[in-house]
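Written out below as structure tokens is the structure these notes cover.
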Amino acid sequence: MSGRRPLIAGNWKMNCLRADGLALASGLAAKLSAAPDKPACDILLCPPATLLADVVGVLGHCDIHAGGQDCHFDQNGAHTGDIAASMLADIGASHVIVGHSERRADHGESSTVIRQKAIAAHDAGLIAVVCVGETEQERDLGAAISVVCGQMDVSLPEGATAENTVIAYEPVWAIGTGRTAAVEDVAEMHAAIRRKLKERFGDADGFRILYGGSVKPANAVELLGVDNVDGALVGGASLKVEDFWGIIDSCD
Ligand SMILES: O=C[C@H](O)COP(=O)(O)O
């Protein structure tokens with residue numbers, strides 16, 4: 001791992017009723033306060049919007065961040081069912097995920113829309129976790145790097161910095177499938193993303209690039225040890241205290 005401090009982010013997706021979500025957040029807060037040493041990473045929880053305020057309350061002043069899973073690109077207005085970035089910030093969120101492949105697929109979100117969402121996040125003072133990743137078909141065609149770099153070109157706004165933006169590389173075929181990308185492929189992709197960031201933003205050494213896709217305690221040490229992997233975006237394994245904590249522990 002480089003000098004960049006890793007970020008381990010849990011994306012709860014559309015999971016957890018209130019009791020489960022509060023138990024999960026308080027279980028992690030208890031782990032943190034009982035840990036003999038501080039974790040060697042930053043920790044972020046992204047619960048469903050219905051639980052975000054409660055999770056922020058449970059986490060209190062403990063060193064675990066909370067974030068949204070999506071935001072609208074407008075500041076406010078007639079967008080039934082949507083949430084503005086400023087609303088997330090208002091209830092204590094520090095981050096928001098934008099451009100997750102499930103949003104791109106389920107809601108037809110384009111990279112252009114995702115860039116607008118990242119701008120809205122920045123305007124609200126949030127750190128945007130911008131997701132990119134290729135489908136299995138695109139990888140089989142040998143187009144993985146060009147697809148991901150193309151997504152970055154459009155999804156990242158001009159104002160992106162290492163302080164206000166995190167990149168999450170998630171091969172779509174590895175999400176929730178139990179399959180992970182080979183470490184050589186992860187290394188190749190993360191190096192390509194780093195190069196792309198440097199081309200675009202100059203000194204890009206500070207940007208954190210997360211890997212996501214079936215990360216669990218059993219594979220976390222190997223994946224987090226890959227060059228340019230600066231943490232993980234975790235779905236399924238973030239729903240169990242022991243599993244998520246096991247991934248956090250892998251950063252030591
Ligand atoms: O946002 C998280 C990712 O989509 C990864 O999900 P997963 O760990 O369940 O594969």
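For the residues 18, 115, 4, what sequence is obtained by ranking on other C-beta atoms within 10 Å, fewest first?
Lowest count first: 18, 4, 115.
Where in region 45-82 does the label zone of residue 90 land, with the point 7 angstrom along Cα→C-beta and an amide N cut-off under 12 Å?
It comes to 75-77, nothing else.
Report, by chain and number, residues whose modeled amide H sits under 5 Å from the one on residue 84, excluding near sequence neighbours (fewer than 5 apart, same chain).
72
Could you pull out every Cys in the chain that lacks a partner Cys with its beta carbon under 4.7 Å away?
That list is 16, 46, 62, 71, 131, 149.
Give me the one-decimal nm value for the distance between modelled label points at residue 219 and residue 143, 7 Å along each residue's Cα-to-Cβ direction.
2.4 nm
What does the charge count near residue 38 come to, summing +1 for each Lys or Arg and -1 for each Asp or Glu among other residues with Cβ under 13 Å from its Cβ?
Charge balance in the 13 Å sphere: -3.
Taking neighbour Cβ counts within 10 Å as the exposure measure, how do 234, 229 sort from fewest upward?
With the sparsest Cβ surroundings first, the list reads 229, 234.
Once you order the gyration tensor axes a ≥ b ≥ c over the Cα atoms, which shape class does region 145-252 get: rounded for a/c under 1.5, otherwise prolate or oblate by comparing a/b with b/c?
prolate
Counting only other residues whose beta carbon sits under 15 Å from that of residue 163, what net charge do I get with K and R as +1, D and E as -1?
Net local charge, residue 163 excluded: -3.
Taking other Cβ within 10 Å of each residue's Cβ, how do 244, 73, 201 sort, fewest first?
So the ranking, lowest neighbour count to highest, is 201, 73, 244.
Which lysines, if any, have their Cα less than 23 Å from the Cα of residue 198, not counting same-chain residues under 8 positions apart?
117
Please enumerate, by chain and number, the lysines with C-alpha under 29 Å from the C-alpha of residue 38, excluding those fewer than 8 residues away in the same chain.
By straight Cα distance, residue 38 reaches 13, 216, 240.
Which longest uninterrupted range of the chain lacks any GluC sites (Glu not before Pro) assigned by DSSP to a loop state (not H, G, I, E or B) and surrounded by at most 10 other Cβ atoms within 10 Å?
Formally, the longest exposed-site-free interval is 1-157.
Using a 7 Å offset from Cα along Cα-Cβ at residue 14, what residues in region 67-90 end up with backbone N under 16 Å from the label point?
69-71, 81-83
With n ≥ 4 as the cut-off for DSSP H runs, can you work out [θ] at 222 nm for the chain, using -39500 (n - 2.57) per run divided by the number of residues, rounded to the nearest 500?
Result for the chain: -12500 deg cm²/dmol, rounded to the nearest 500.
Rounded if a/c is under 1.5, else prolate if a/b is larger than b/c, else oblate: which is region 1-53, with a ≥ b ≥ c the root eigenvalues of its Cα gyration tensor? Working shown, then result.
Working: a/c = 3.59, a/b = 1.56, b/c = 2.30.
It is oblate, given that a/c is not under 1.5 and a/b is not larger than b/c.
Computed from the coordinates by the stated procedures, all read-outs in this text should not be read as laboratory data. Note that this is a predicted model, so its numbers are computed, not measured. Positions of Cβ are generated from backbone atoms using ideal geometry, with glycine treated the same way; all protein chains shown enter the neighbour counts.
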